[in-house]
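Student: Before I ask anything, let me first share the structure, which is written out below as structure tokens.
Derivation of every value follows stated rules applied to the coordinates shown; laboratory data play no part. This is a predicted model, so every value here is computed, not measured. Note: ideal-geometry Cβ built from the backbone for every residue, glycine included; neighbour counts use all protein chains shown.
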Amino acid sequence: MSFPDPDEPRTWVFDVTFLESAWTCIFGRGCEGVLTGPAAEQQQGCCSYGAHLSGAEDAERVERAAASLTDEQWQFRRRGMRQGVIRRGGGQLATRLADGACIFLNRSGWPGGPGCALHRAALERGVPHLDLKPDVCWQLPLRREDHVEDDGHVVSTVRQWDRRHWGDGGAEFHWWCTDAPDAFVGGRPAHETLRDELIALVGRPVHRRLVRYLRARRPIPCGSAPGMSPSVVAVPHPAVRR
């Protein structure tokens with residue numbers, strides 16, 4: 001679905017099929033990771049290659065967050081504080097690797113359990129994980145693409161993150177969550193579970209309009225009052241149809 005931005009020359013386009021799907025993150029619950037073979041037992045999720053940062057502001061926020069972590073929250077804290085957490089080269093910024101995966105990833109066997117140290121710190125502090133994690137990490141599996149047309153009008157598309165968005169490396173993944181039915185097992189639609197991420201990507205006014213549209217599409221129970229619109233049946237996500 002699409003609609004014009006109320007305040008600027010921009011058109012918003014949303015992948016409703018994904019937003020109405022039952023996608024949910026299954027890290028530690030069967031996620032096979034993004035290596036070249038199944039590796040659920042390693043519990044690395046999509047953290048095996050580190051996070052490519054969106055720019056200097058993103059890198060600075062991550063460095064500040066890293067400096068605030070404790071030894072209990074972060075397995076590789078001492079190494080990160082000694083070597084730095086950002087690798088710079090070839091015009092790109094990315095989180096440094098440690099023992100074959102992102103330096104912020106606590107591994108299986110760590111007393112606090114596996115998972116992102118930044119995410120854990122956010123949960124313990126009661127703050128949004130968006131405040132601490134790299135942009136690409138909190139946005140996944142959502143992706144916003146902005147296309148500027150010849151007349152300056154912008155078309156902003158919010159869709160799921162596919163293999164192709166990783167570049168050539170994405171084709172080598174043994175498994176990727178948005179094309180695997182195993183991840184479409186949530187109890188609520190993705191636009192509800194990813195509410196904070198959507199607001200951060202598009203802003204509150206646009207998000208409110210999106211939600212009004214999506215709620216209006218919900219199936220109407222049998223026995224509803226006469227004159228009500230017929231139910232709308234959501235298109236099953238391609239991963240589920242396959």
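Student: Tell me the label only: which of (i) 18.8; (ii) 17.8; (iii) 19.7 is Kirkwood radius over Cα pairs in Å as calculated from this structure?
Tutor: Computing Kirkwood radius over Cα pairs in Å and matching it to (i) 18.8; (ii) 17.8; (iii) 19.7 gives (iii).
Student: Mean residue ellipticity at 222 nm from the helices of the chain, using -39,500 (n - 2.57) per DSSP H segment of n ≥ 4 over the full residue count, to the nearest 500 deg cm²/dmol? Spell out each step's value before the answer.
Tutor: Numbers: 9 runs with 66 residues, N = 242.
Helices in the chain give a 222 nm mean residue ellipticity of -7000 deg cm²/dmol.
Student: D99 versus V127, label points 7 Å from Cα toward the beta carbon: distance in nm?
Tutor: Placing both labels 7 Å along Cα→Cβ, they lie 2.7 nm apart.
Student: 5 Å is the cut-off here: which amide hydrogens, built 1.01 Å from N in the peptide plane, fall below it relative to L93, excluding neighbours closer than 5 in sequence?
Tutor: L53
Student: Right, next: Roughly speaking, what is the stretch gain from V185 to E145, that is 0.36 nm per residue apart minus the C-alpha to C-alpha distance, in nm to one decimal?
Tutor: Values: separation 40, 0.36 × 40 = 14.40 nm, distance 2.65 nm.
So the chain would gain 11.8 nm between V185 and E145.
Student: Taking the Cα-to-Cβ direction at D162 and at Q92 and moving 7 Å from each Cα, how far apart do the two end points lie in nm?
Tutor: In this crude label model, D162 to Q92 measures out at 2.1 nm.
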